[in-house]
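Each remark here refers to the structure printed beneath this line.
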Amino acid sequence: MSKPNARTIVALFTAGVLVLSAAFVGVLTVLVRNAEEHDPEITAYAHGRTVTVPPFMYCTVRMEDCRYGETVTLEVPPGYPLQLSLPSEIADAPWLIQQVYALPSGEEIAKVRRHTEFPDGVRAITVESQPEPDLRLVGVEMQLPILARDETGAEFYVPHAAWSIRTAE
């Protein structure tokens, strides 16, 4: 019996590597295709701390298959900004952000900002924690709204997805 020459060994080795590579790519493709899809998350940063904000509510645009979460807390001291990093699922959609401020009396004032007030596809938003001396940011809610109609035919917006952050106790 003759010894295999170098060419035969290289050819067998190459064939083995190709078979293993094809098997690996096949398994990887199946795993990626069957991977569970995750809901988009916002990254929030303030005063040296970063948190990931999963959806408070996330439904299809037909308000089906709704999933509910929790409000995330991120303490934002007065005078420090809250910075939000948006995933493409939010940045590329019509969105609005509701900023809730409290007066010293405890009365709350909401300020709504829309995606149209920012450059197209903006992925980072800065929210002032104290835009006026007597106002203190107590919460923020990012929403993806859809147009709805009630029984009388009146149209209004409702969020089909929302991310909620409590910034003060």
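Just so it is clear, none of the values below were taken in a lab; they were calculated from the coordinates. Computed from a prediction, not measured in an experiment: that's the story for all the values here. So basically every Cβ, Gly included, is an ideal-geometry build from the backbone, and we count neighbours across all protein chains shown.
For labels at D120 and Y157 in the simple 7 Å Cα→Cβ model, what's the distance in nm?
For the pair D120/Y157, the computed spacing is 1.9 nm.
Count the net charge of all other residues whose Cβ sits under 13 Å from the Cβ of L135, scoring Lys and Arg as +1 and Asp and Glu as -1.
Details: positive: K111, R136; negative: E107, E108, E128, E132, D134.
Local charge sum for L135: -3.
Roughly what % of DSSP beta bridges within the chain run antiparallel, to the nearest 5?
Details: 41 of 43 bridges.
Just about 95 percent of them are antiparallel.
Ranking E155, E141 by Cβ neighbours within 10 Å, fewest first, what do you get? If you can, show how the numbers build up before the last one.
Numbers: E155 8, E141 20.
Arranged by neighbour count, lowest to highest, E155, E141 become E155, E141.
Modelled label-to-label distance, Y80 and R113, 7 Å Cα→beta-carbon offset: nm?
1.9 nm
Multiplying the sequence separation of R62 and T29 by 0.36 nm and subtracting their Cα-Cα distance, what value in nm do you get?
Numbers: separation 33, 0.36 × 33 = 11.88 nm, distance 3.05 nm.
Answer, rounded to one decimal: 8.8 nm.
So for the range 1-65, Kirkwood radius off the Cα pairs, Stokes-Einstein at 37 °C and 0.692 mPa s: how many µm² s⁻¹?
Working: Rh = 17.4 Å.
Estimated via Stokes-Einstein, D reaches 188 µm²/s.
Work out Dmax and Rg for the chain from the C-alpha atoms and quote the Rg first, both in angstrom.
25.3, 97
Normalised by the number of residues in the range 1-160, what is the relative contact order in percent for Cα pairs under 8 Å and 6+ residues apart? Please report the intermediate quantities before stating the final value.
Details: 230 pairs, mean separation 30.0, N = 160.
After rounding, I find 19 percent.
If each of T71 and I146 carries a label point 7 Å out from its Cα toward its Cβ, how far apart are those two points in nm?
2.5 nm
Which residues' amide hydrogens lie under 5 Å from the amide hydrogen of V138, considering only partners 5 or more residues apart or on another chain, with H built in the peptide plane?
Distant-sequence amide H within range of V138: V100, Y101, A102.
Arranged by the count of other C-beta atoms within 10 angstrom, fewest first, what order do K111, K3 take? Mind dumping the intermediate values first?
Values: K111 14, K3 6.
Ordered by Cβ neighbours within 10 Å, fewest first: K3, K111.
With a/c under 1.5 counting as rounded, go ahead and sort the range 58-138 into rounded, prolate or oblate using the C-alpha gyration tensor (a ≥ b ≥ c being the square roots of the eigenvalues; past the cut-off, prolate if a/b is larger than b/c, else oblate).
Values: a/c = 2.12, a/b = 1.54, b/c = 1.38.
Taking the square roots of the gyration eigenvalues as a ≥ b ≥ c, the range 58-138 is prolate.
Most exposed first by the Cβ proxy, i.e. fewest other Cβ within 10 Å, how do S21, S85, S164 rank? Walk me through the numbers before you get to the answer.
Numbers: S21 10, S85 17, S164 21.
Listed from fewest to most nearby Cβ atoms, that is S21, S85, S164.
Can you figure out the FRET efficiency of L103 with E36, using R₀ = 45 Å and their beta-carbon distance, to the nearest 0.05? Present the calculation step by step, with values, prior to reporting the outcome.
Numbers: r = 44 Å, r/R0 = 0.97.
Step by step, r from the Cβ atoms, then E = 0.55.
Compute the acute angle (0 to 90°) between the alpha-carbon long axis of helix 6-33 and the principal axis of greatest extent of the alpha-carbon atoms of the chain; round to the nearest 10°.
The angle comes out at about 30 degrees.
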